[in-house]
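The numbers here are math on the coordinates, done by the rules we state, and not lab data. Just so it is clear, the structure is predicted and the values come from calculations on it, not from any experiment. Every residue, glycine among them, receives a Cβ derived from its backbone with ideal geometry; neighbour counts consider all protein chains shown.
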């Protein structure tokens, strides 16, 4: 199942037709569902996005085979052409930063995305939207970071008054093939293939026994990230004596995680 999150009805209309979705009135927010996709329309704003996304994912809890894509339009500096499709690798919300994991091959321009409270009419350094941070915070409680993506289509150069309902429908409708390609690439990272050799799996389990369950989960995620990014490289296990104290082991783990994410 692909969970599609849009803020505007105009963004949703092409998705409804493309994925042949029907309105699901059993859910208190505006939602549509089909055989392989579910669409939520949150309405603009971080709070709306967070509440609606939390409600949807709590109502229909995703499985490990599901992905989530927040799709919609964005304002952007003039260096980004109108109708260009962007993939956010960082979401900026004031002093907070959120990082979707992009483990799959793609052809999009990657960019930071700033989530703002009001339609932006003052030129800034990055593309802007109004819901990505709320979607990320809510969805990250249900999805691992490589199973979430934030796909934005440039609608204006900080001239929100020029954005029309018809224009948004046309922009999103013109990028449905790219959306399908993104979903296919994301699903490719979920294929249950053996990522590690038997010896590597043994060493990974030995390492995980040194840490808490939560720390072991972080190590699993980092190792998967490393192997998907560098499939031919051996795992760089630290060649040091394992410390006796929990504090020193935790510090060693942080160093190891940093190497895996480098």
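A few points about this structure:
- The antiparallel fraction among DSSP beta bridges confined to the range 67-170 stands at about 30%.
- Residue order, fewest to most surrounding Cβ atoms within 10 angstrom, among 54, 132, 79, 174: 79, 174, 54, 132
- Look at 1, 148 and count the other Cβ atoms within 10 Å of each Cβ; fewest to most, that gives 1, 148.
- Cα gyration tensor category, rounded, prolate or oblate, for the range 16-140 with a/c compared to 1.5: prolate
- Here 19, 187 are placed in order of increasing Cβ neighbour count within 10 Å, fewest first, which gives 187, 19.
- The gain in end-to-end length when the residue 157 to residue 121 segment is fully stretched comes to 12.1 nm, 0.36 nm per residue minus the alpha carbon separation.
- Most simply put, the chain has about 35% antiparallel DSSP beta bridges, counting only bridges with both residues inside it.
- Principal-axis tilt of helix 9-19 within the chain, Cα atoms, nearest 10 degrees: 70 degrees
- Rough spin-label spacing in nm, given labels placed 7 Å along Cα→Cβ, for residue 1 and residue 239: 4.8 nm
- Normalised by the number of residues in the chain, the average gap of Cα pairs under 8 Å and 6 or more apart makes the relative contact order 19 percent.
- The range 1-55 - share of DSSP beta bridges that are antiparallel (%, nearest 5): 55 percent
- The angle between the Cα long axis of helix 46-59 and the main principal axis of the chain comes to about 70°, on a 0 to 90 degree scale.
- Nearest 10 degrees, 0 to 90: helix 213-229 Cα axis against the chain principal axis: 70 degrees
- Theoretical gain in end-to-end length, residue 140 to residue 22 [0.36 nm per residue, Cα-Cα removed]: 39.9 nm
- Net lengthening on full extension, residue 107/residue 61 (0.36 nm per residue, minus Cα-Cα): 13.5 nm
- For the chain, the square roots of the Cα gyration tensor eigenvalues, ordered a ≥ b ≥ c, give a/c of at least 1.5 with a/b greater than b/c, which places it in the prolate category.
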